[in-house]
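Structure first, commentary second.
The values are calculated or read from the model by the stated rules, or taken from the named source; none is laboratory data. Keep in mind the model is a prediction, meaning the values are calculated, not measured. A quick note on method: Cβ atoms are made from the backbone with ideal geometry, for glycine too, and the neighbour counts reach across all protein chains shown.
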Amino acid sequence: MGVLRRYRRPLVVVAATTALDLLARVGFGFDMARVVPVEAALFLATAILFAFLGRGRDAGDPAVRRVDLWLAALFALASIRSALWAAGLDVYLANMVVLVVAAVAGVWAWVGRRRRAG
């Protein structure tokens, strides 16, 4: 089974999200004050979609399931960052908040995995 065929569903969702993001940017004339709230909602919707796809009964291949869940986490972080930017937080502070959230979530997942394994 080829890589493109195996990961077709995540690729289609990421391509659709990218196309919608580009459409929003062009539609709003690259006015980031108007684009960033749209990105926050779009990325949150994509994260939720990937979470449902990764947790569903028909998730199928475990490798694709892992990719779906990783993409859900990454799009959730992107949504948090965009929402903080839209709320007026400085870019570097928003990025630091996302970095801390990602680090805490990573440690939490690692500890949870170690507890289940042992």
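If you check Leu22 against the conditions, is it of a type outside the set (Gly, Ala, Ser) and surrounded by 14 or more Cβ atoms within 10 Å (Cβ to Cβ)? Here the answer is no, as Leu22 does not meet what is asked.
Phe75 passes every criterion in (1) in contact (Cβ under 8 Å) with a residue 12 or more places away in the chain; (2) surrounded by fewer than 18 Cβ atoms within 10 Å (Cβ to Cβ) apart from (2).
Among the residues of the range 1-26, what is the count of those that are touching a residue at least 60 places away in the same chain (Cβ under 8 Å) and more than 15 Å from Leu49 (Cα to Cα)? Break it down stepwise before answering.
Taking the range 1-26 and keeping what is touching a residue at least 60 places away in the same chain (Cβ under 8 Å), we get 7, 10.
From the residues that got through so far, the ones that are more than 15 Å from Leu49 (Cα to Cα) too are 7.
Selection size over the range 1-26: 1.
For the range 78-95, give me each residue that is part of a helix (DSSP H, G or I) and surrounded by 13 or more Cβ atoms within 10 Å (Cβ to Cβ). Give the derivation first.
From the range 78-95, those part of a helix (DSSP H, G or I) are 78-86, 91-95; that's our starting set.
Within the range 78-95, Ala78, Ser79, Ile80, Arg81, Ser82, Ala83, Leu84, Trp85, Ala86, Ala94, Asn95 meet the criteria.
One residue stands out in the range 44-72 among those that are surrounded by 19 or more Cβ atoms within 10 Å (Cβ to Cβ) and out of contact with any Ser or Thr (no Cβ under 9 Å at 6 or more places or on another chain): the one that is modelled with the lowest pLDDT, namely Gly54.
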